[in-house]
1. Could you tell me whether any residue of the range 43-64 is of a type in the set (S, T, N, Q), over 16 Å from the mean Cα position of the chain (by Cα) and assigned to a helix (DSSP H, G or I)?
2. Could you look through the range 43-63, keep only residues that are over 9 Å from R11 (Cβ atoms) and among the aliphatic types (A, V, I, L, M), and pick out the one that is modelled with the lowest pLDDT?
3. With respect to the numbered conditions (1) out of contact with any helix residue (DSSP H, G or I) (no Cβ under 8 Å at 6 or more places or on another chain); (2) touching a residue at least 24 places away in the same chain (Cβ under 8 Å); (3) outside any helix (DSSP H, G or I); (4) not hydroxyl-bearing (S, T, Y), which one is the sole condition not fulfilled by I32?
4. Residues to consider are L91, L103; find the one that is under 14 Å from F4 (Cα atoms), in a helix (DSSP H, G or I) and at pLDDT 95 or above.
5. What are the pairs with Cβ atoms under 8 angstrom where one residue, in the range 88-99, is farther than 18 Å from Y120 by Cα and free of Cβ contacts under 8 Å to residues at least 24 places away in the same chain and the other, located anywhere, is small (G, A, S) and not in a helix (DSSP H, G or I)? Sequence gap at least six, or different chains.
Amino acid sequence: MKCFIDTNVFRRVLIKEDEKSFRECYHLLELIQRKRISAFTSSLIFAEIDWVIESFYKLKREEAVKSLESISKLRGLKMLNGVNIALAIELYKRYNVKFIDALIASIPQIFQKRIAVVSYDRDFDKLQIKRLEPQDVLKRYRYRQ
């Protein structure tokens, strides 16, 4: 299975607000680190992580840099860019979702359902792409917590 890791998965590990989702996301990233899951993310996700850390959580730039560096060093995580801007605008116009979600959904491999988006964000369901939550992926790999 190929997975695209959304911002909220990384955020739940970086900002430990909820123990259950922290553990799920941590174990998912652990599987990626061990290269048991074929995982991707995008520069869009890095930009959104930085924005969330600095704007919403009001953490210092140094913390944002540290977080971004740790994600970029995650062995097994590959970059997947190449949005289809015309499709993203069409999805944004047609569905009530954030533009960044429309951009992610417009990545050809995601739009064609060859890669599942791993996210807690149910707006992806409106875009009719394949979405899994971290616990769904862990179940598929029979991961023992």
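1. Yes; the residues of the range 43-64 include at least one that is of a type in the set (S, T, N, Q), over 16 Å from the mean Cα position of the chain (by Cα) and assigned to a helix (DSSP H, G or I).
2. L59
3. (3)
4. None of the others qualify; the one that does is L103.
5. Within 8 Å, the pairs are A88/S106.
A quick yes/no check of all residues on (1) surrounded by 12 or more Cβ atoms within 10 Å (Cβ to Cβ); (2) hydrophobic (A, V, I, L, M, F, W, C):
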{"position": "I5", "(1), (2)": "yes, yes"}
{"position": "I15", "(1), (2)": "yes, yes"}
{"position": "K20", "(1), (2)": "no, no"}
{"position": "E24", "(1), (2)": "yes, no"}
{"position": "E48", "(1), (2)": "yes, no"}
{"position": "A88", "(1), (2)": "yes, yes"}
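The values are calculated or read from the model by the stated rules, or taken from the named source; none is laboratory data. Predicted model, so just to flag it, every value in this text is computed and none were measured. Every residue, glycine among them, receives a Cβ derived from its backbone with ideal geometry; neighbour counts consider all protein chains shown.
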